[in-house]
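Undergrad: I have a structure I would like to understand better, so I am pasting it below and will then ask my questions one at a time.
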Ligand SMILES: C[S@@+](CC[C@H](N)C(=O)[O-])C[C@H]1O[C@@H](n2cnc3c(N)ncnc32)[C@H](O)[C@@H]1O
């Protein structure tokens, strides 16, 4: 009697997939994502791409990836927006990387109160704002740090390529499980019940009205010149290759005020991509060469 094999080799992942997904599909799709959004997808993202786009194929009632690729290959296709929305990763949280908000309150705002005393204006950009937790954290921090200094004109621009997350951000309503990181005192001060029994809270109007939300692809033209006092672009460039990061950092330098600060994500660095900034704290940069 021959011995039974202990284990049968697992079938290739693709055999279990609902739609055939070949190298050709993956190459075409990742080329399009890089071209439209600057997002560079390595081979480990293959399953992610399959899973997210299989949902679109199902929703559209298409036969599979051949049909989907034909659709998004067309530059004018209305599906491009959904395609990019499906590919982006939108993980975020209130007061994520809290040392940035501490720096904003304790160092940047006091400096701006002096440098901008004549204009009494503060302009901040949250670039890649996802579902809004970042710009609302900035707004709460600014309101707290400015205290009762009425008469200061404070505006935050919050943009993202993903139109779905921008709509969520603008609504400003967060379920109980999204409120972590805010803390009881801030929940009480800056939020109001959104209605219903779910525990969802809405950001108060006095915070919301500081922010203008808009869809924007960082790889495209920017319909503004700045200058911004502060730019938050955190956990966004991690998806771009180094030359793309360098070009983007250079464009940020162009729209920052001479005293401007740039905050980037915890696993990101400007090292080797752009020399127009100096590092002044943990992932905190200031324009180089200022007096
Ligand atoms: C991981 S989230 C980071 C959110 C927030 N900045 C934070 O740190 O919590 C990255 C965001 O970058 C956005 N993004 C990616 N590529 C972009 C592009 N080319 N233009 C604008 N936004 C982009 C994604 O849609 C996503 O919402």
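The values are calculated or read from the model by the stated rules, or taken from the named source; none is laboratory data. Everything numeric here is computed off the predicted structure, so don't read it as measured data. Positions of Cβ are generated from backbone atoms using ideal geometry, with glycine treated the same way; all protein chains shown enter the neighbour counts.
Undergrad: Counting only residues that are more than 17 Å from the chain's Cα centre (by Cα) and surrounded by fewer than 22 Cβ atoms within 10 Å (Cβ to Cβ), which one in the range 90-108 is nearest to the ligand (Cβ to nearest atom)?
TA: The qualifying residue nearest to the ligand (Cβ to nearest atom) is 99.
Undergrad: Residue 167 versus (1) closer than 25 Å to residue 218 by Cβ; (2) within 16 Å of the ligand (Cβ to nearest atom); (3) buried (at least 18 other Cβ atoms within 10 Å of the Cβ): which is the lone unmet condition?
TA: (3)
Undergrad: Could I ask something else about it? Answer yes or no as to whether residue 116 is touching a strand residue (DSSP E or B) at 6+ places or on another chain (Cβ under 8 Å) and more than 16 Å from the ligand (Cβ to nearest atom).
TA: Judged against the criteria, residue 116 is a match.
Undergrad: Continuing with this model, one more query. Can we say residue 34 is within 15 Å of the ligand (Cβ to nearest atom), under 22 Å from residue 249 (Cα atoms) and assigned to a helix (DSSP H, G or I)?
TA: It is true that residue 34 is within 15 Å of the ligand (Cβ to nearest atom), under 22 Å from residue 249 (Cα atoms) and assigned to a helix (DSSP H, G or I).
Undergrad: Kindly indicate whether residue 233 is assigned by TED's automatic domain parsing to the domain that holds residue 159 and touching a strand residue (DSSP E or B) at 6+ places or on another chain (Cβ under 7 Å).
TA: yes
Undergrad: If you don't mind, there's one more thing I want to ask. So if I check each of 246, 195, 220, which one is out of contact with any strand residue (DSSP E or B) (no Cβ under 6 Å at 6 or more places or on another chain) and modelled with pLDDT under 95?
TA: Checking each option against the conditions leaves just 195.
Undergrad: Which residue out of 122, 87 is surrounded by 20 or more Cβ atoms within 10 Å (Cβ to Cβ), touching a strand residue (DSSP E or B) at 6+ places or on another chain (Cβ under 7 Å) and within 21 Å of residue 167 (Cα to Cα)?
TA: 87
Undergrad: Of these, 71, 41, which one is in contact with a helix residue (DSSP H, G or I) (Cβ under 6 Å, 6 or more places away or on another chain) and free of Cβ contacts under 8 Å to residues at least 12 places away in the same chain?
TA: Matching residue, one of 71, 41: 71.
Undergrad: Among the residues of the range 218-230, write down those that are within 25 Å of residue 112 (Cα to Cα) and either within 8 Å of the ligand (Cβ to nearest atom) or not assigned by TED's automatic domain parsing to the domain that holds residue 108 (or both).
TA: The answer is none; no residue qualifies.
Undergrad: Condition test on residue 234, is it within 14 Å of the ligand (Cβ to nearest atom) and under 30 Å from residue 33 (Cβ atoms)?
TA: So residue 234 fits the description; yes.
Undergrad: Kindly check whether there is at least one residue in the range 209-228 that is within 26 Å of residue 98 (Cβ to Cβ), outside any loop (DSSP other than H, G, I, E, B) and free of Cβ contacts under 8 Å to residues at least 12 places away in the same chain.
TA: Looking for residues that are within 26 Å of residue 98 (Cβ to Cβ), outside any loop (DSSP other than H, G, I, E, B) and free of Cβ contacts under 8 Å to residues at least 12 places away in the same chain, one finds none in the range 209-228, hence no.
Undergrad: Just give me the residues in the range 122-134 being more than 9 Å from the ligand (Cβ to nearest atom) and either more than 15 Å from residue 202 (Cβ to Cβ) or not assigned by TED's automatic domain parsing to the domain that holds residue 217 (or both), in sequence order.
TA: 122, 123, 124, 125
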